[in-house]
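Step one of this worksheet: look at the structure below.
No lab work stands behind these numbers, since they all come straight from the coordinates. Treat the numbers as computed from the prediction; the structure is a model and nothing was measured.
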Amino acid sequence: MWWLLIWVCLLLVAGLYLGARAWGLWGQTKELWSELVIAQGRLDDVQEQLEVLERVSAPEQLAVFSDVATARKERDRARAAGLHARRQYRGVSHPLKVKHVD
C-alpha cells in the first residue's frame, strides 16, 4: 500500500513541475507577442520613411538639380491651378454679384 502513496506523490510532483514549466512558457509567449507588436510598429514607421526616401531616389528629381526654366513653368502652372481652384471655391461660397430683392 505504501508503494501506491509513492506513485501518487510522484505523479503529483511531476504534475506540479509540468504545470510550472507550462506557466513559465505561457508568460514567455505573452512577452514575445508584445515585443513582436512593438517591433511591427517600428518596422511600419521605418518602411514609411523608406518609401519617402525612395520617391527621391535620383538626385535629378530634386529641384536643385532641375532646369530653372522648367521648374519655373511647373511652379507657375501649379500656382495658376491653385488660384483657379480658390476662385471657384470663392465663387460658389461668395458670389460677386448679389441681387437685392426688396
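I'd like the Karplus ³J(HN,Hα) series for segment 70-83: coefficients 6.51, -1.76, 1.60, θ = phi - 60°, whole numbers in Hz, and an x wherever there's a Gly or Pro.
Karplus values, whole Hz, x for Gly and Pro: 5, 5, 5, 5, 5, 5, 5, 5, 5, 5, 5, 5, x, 5.
What translational diffusion coefficient, to the nearest whole µm²/s, does segment 1-50 have by Stokes-Einstein, given a Kirkwood radius computed over alpha-carbon pairs, a temperature of 10 °C and 1.306 mPa s viscosity?
Estimated diffusion coefficient is 112 µm²/s.
State the extension gain, in nm to one decimal, for the chain segment bounded by ASP67 and THR29, taking 0.36 nm per residue of separation less the distance between their alpha-carbons.
7.9 nm
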